[in-house]
Each structure stands twice: as C-alpha cells, then as structure tokens.
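Notes follow once the structure below has been shown.
All of the numbers you see were taken from the coordinates with simple rules; none came from a lab. Every value quoted in this text rests on a predicted model; they were computed, and no experiment measured them. Reconstructed Cβ throughout: ideal geometry from the backbone, glycine too, with neighbour counts over all protein chains shown.
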Amino acid sequence: EDRLEKLLPQLSNLHCKKIAVIVNLDSPESQKAIQLVKDGIFDALQFHKIPYEAVSKDLLSLPHYFAVGNFEEYEKLISKGEMRVLLDSKDFIKCKAALPEKSTYEIKWIAGNITPDNIYNVILNYHPELIDISSGIEDEIPGIKNAQKIKQLLSFPYLPRESFKNSD
C-alpha cells in the first residue's frame, strides 16, 4: 500500500486508463482500489478470476470487466451481458487449435504470456481489440518489467488495419 500512496499524486498526470485489479474481494487492498474507482482516480475494476456470482450489484454498477482463465468462463460471462471480458490464458496462446472449433462469441480482449516474439501471431490469429502484454514483458520477478522487452514491443512494426480483419 505504501507504493500506491506514493503514486497517487502522480496518477492524475497520466493520460491512460488506470485499472485496479481485484484478486480478493475481501482484502483491504481491494477495498482501497474500489474506493479509488468510486472517487474517479482509477477508471475501472478488473475482477481477476473472481466468479461473477461473488461480485455484488453495487460493484457491478461501477466501471469494470472480468478476467478469466478459461474459455467456458469467458462465454458464460459474455452470455450474462458482460460487454468485455479479458481471456487470460497462457495455454491457448501456444496454438489456435486449443480454442473450441466453434464459439458463439469472438475473443475481443486477450492476455497471458503474450510477448514481443508472439504478439504478431496473436494479432493475426485472434484479431483482438485489446491485448494485455503485462506478464509478457516481465522477467523472473512478477510485476517487474524488462526495459529491453518494452523497447522491443514499442518497435513493433505498424500493421495496416486490413491485417486485423478476419480472412474467413
């Protein structure tokens, strides 16, 4: 919490979406994060691998999205009316065949072991509108980003919009 307190004065200067990731609804850190969203300091909550049924209607009324680790949970949330769900699964990135042959819903937000080395294939195979590359630019220590991997990602060549369209 000390790190967060030190960062709070600088957050208003950042021109990007600020997301509070919730992994345990009952923790003091989660309560602080929820309040920061209510106060408008953070833009949205991410319910990371938290079941839909565990989240109160009050929290569902705040800007939020769910992050899930499997395709069945992804489809369940989309079918409940959740507009955006982050599919955070390291396994299916390895090969497209890991996804079900037919899906009712297309994957819009994707995460899980996406690196500068595989991001091009992820874009071409899944056509997502959002890619979370956070863990893909870390080394051994979770949360600590590798500057070289960030530079590699930022030097990623521009792809024309047509590259993202499904060729089916």
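All C-alpha pair distances within the stretch 1-94, sorted into 5 Å bins from zero, spread as 3, 12, 23, 23, 17, 13, 7, 3, 0 percent across the bins. Each Lys or Arg adds one and each Asp or Glu subtracts one; over the other residues with Cβ under 11 Å from the Cβ of Ile50, this totals -2.
Please report the net charge: other residues with Cβ closer than 14 Å to the Cβ of Val85, K and R +1, D and E -1.
-3
Charged neighbours of Lys149, selected by a Cβ distance under 14 Å, balance to -2 (K, R count +1; D, E count -1).
Using a cut-off of under 16 Å, list every residue of the stretch 116-133 whose amide N is near the label point 7 Å from the Cα of Leu154 along the Cα-to-beta-carbon line. Once the point is set 7 Å along Cα→Cβ of Leu154, 116, 133 turn out to lie under 16 Å by backbone N, inside the stretch 116-133. Taking 0.36 nm per residue of separation and subtracting the current Cα-Cα distance, fully stretching the chain between Asn146 and Asp117 would add 9.0 nm. Distance between the modelled labels on Asp39 and Leu11, one decimal in nanometres: 0.7 nm (7 Å Cα→Cβ projection).
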